[in-house]
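Below is one structure; the comments refer to it alone.
Computed from the coordinates by the stated procedures, all read-outs in this text should not be read as laboratory data. As the structure is a prediction and not an experimental result, all values here were calculated from the model. Here Cβ is always computed from backbone atoms with ideal geometry, including for glycine, and neighbour counts include all displayed protein chains.
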Amino acid sequence: MSHPPSEPNPWPLEAIWQAVEPTLPGFTGELLPTVDSTNSELMRRFKNGDTAPTLLVAEQQTAGRGRLGRQWHSAAGDSLTFSLGMLLSPAAWSGLSLAVGVSLAESLDPHYSAARHIALKWPNDLWLAGGTGVERKLAGVLIETASWEGTRYVVIGVGINIRTVPVPQDRAAAVPPGHLQMLSPLLDAPGALLRVVPPLVQTVQAFSEFGFEPFQARFALRDALAHRDIALSDGQQGQALGVNTDGALLVQTASGVQVVAASEISVRPTAGRAGTGGQT
Ligand code: BTN
């Protein structure tokens, strides 16, 4: 893993990379002190012809992006922001963001407890949840793809709040986002990176071979919306019934069961468990 020699390097990079590298055959690792967005940077490199499998970590993003054109706010040391870029040819792409979420949740919270756990909020959010606590967004996943010679180049971007995250002024009244140290007080950004990346690469490879189906039951265990009343951004309302083998959300509405694909829809619970804080 490399970093610009002129920059101070507060992360124990060599130690991290020595642990991660054997699990990532063929990957290049790189840490940037600052970049607009790790997703944007990998897509720029792809457009310049670089399709090599790459793990790109940024200590700070100046224009982090979330799903549906939203912003992703983070500050150096308070967040872990990285992207994996690679060529991938799965039989079907549906459910990839859910499989990535399952992998992240299981890595960061291996001992699921109903009282306090990482839940998955369809299609791409990780929430801190459980018991009577307020649900708070902890992490998000942004997946982007581009065509390349009959296959696709995929960028899997992950943002995880590690410590208290500054809340944008226009959202100051909202419940603040969750952060990982609420669950694991001693885990910092390098430690979290070490924990999540090797299983994530294995997950992507398994998804490429077998699709979403092997992840369906694992998603269901942590499904934050299951059996709750929800509202979709297209105006529909209903009760969430879980996800199918493609990772589509099943919603019982007045006019029957709707199958909702992830693309441009957002969803929120209208009742069930306290409020929901977090970015975007
Ligand atoms: C979301 O919650 O809508 C997804 C957030 C994804 C944020 C990560 S941070 C690393 C990568 N680079 C970006 O600009 N976005 C993703």
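Taking a ≥ b ≥ c as the square roots of the eigenvalues of the Cα gyration tensor, the stretch 212-266 is classed as prolate, since a/c reaches at least 1.5 and a/b is larger than b/c. More than 28 angstrom separation, counting every C-alpha pair in the stretch 46-179; what % is that? Within the stretch 46-179, distances greater than 28 Å cover 21 percent of Cα pairs.
Remark: the chain carries a charge dipole of roughly 660 debye about the Cα centre, counting +1 on each Lys and Arg Cβ and -1 on each Asp and Glu Cβ. Any chance you could list P(r) for the chain, counting all Cα-Cα pairs in 10 angstrom bins from zero, rounded to whole %? Result returned by the calculation: 7, 30, 37, 21, 5, 0, 0. Exposure proxy for TYR153, TYR112: other Cβ atoms within 10 Å of each Cβ, ordered fewest to most, give TYR112, TYR153.
Taking the fewest neighbouring Cβ atoms within 10 Å as the starting point, the ordered list for ASP188, ASP223 is ASP188, ASP223.
Computed over the chain with a Gaussian network model linking Cα atoms closer than 10 Å, the most mobile of GLY178, GLY66, GLY131 is GLY131. Of all complete DSSP H helices in the chain, those with a Cα span along the helix axis of 24 Å or greater and a mean Kyte-Doolittle hydropathy of 0.0 or more are 189-210.
A simple spin-label model places the labels of ARG228 and GLN258 1.7 nm from each other, with each point 7 Å out along Cα-to-Cβ.
Computed about the Cα centre, the dipole magnitude for the stretch 8-66 is approximately 260 debye when only Lys and Arg (+1) and Asp and Glu (-1) carry charge, each at its Cβ.
Sites listed here are trypsin sites (Lys or Arg not before Pro) in the stretch 72-148 whose DSSP assignment is loop and whose Cβ has at most 15 other Cβ atoms within 10 Å, and the list is empty.
Using a Gaussian network model of the chain in which every pair of alpha carbons under 10 angstrom is joined by a spring, one finds that among GLU149, GLU14, GLU59 the greatest mean-square fluctuation is at GLU149.
In a simple Cβ point-charge model (Lys, Arg +1; Asp, Glu -1; nothing else charged), the stretch 184-280 has a dipole of about 320 debye relative to its Cα centre. With R₀ fixed at 35 Å, the C-beta to C-beta distance from GLU21 to ALA91 puts the FRET efficiency at about 0.75. When the Cα positions of ILE156, GLY69, GLY26 are compared along the charge dipole of the stretch 1-158, GLY69 comes out farthest toward the positive end, with charges on each C-beta of Lys, Arg, Asp and Glu.
Judged by the gyration tensor of its Cα atoms, with axes a ≥ b ≥ c, the stretch 1-112 is rounded; a/c sits under the 1.5 cut. Sorted ascending by nearby beta carbons within 10 Å, beginning with the fewest, HIS111, HIS227 become HIS111, HIS227. Classify the stretch 152-264 from the C-alpha gyration tensor, please: rounded if a/c falls under 1.5, else prolate or oblate depending on whether a/b exceeds b/c. Taking the square roots of the gyration eigenvalues as a ≥ b ≥ c, the stretch 152-264 is oblate.
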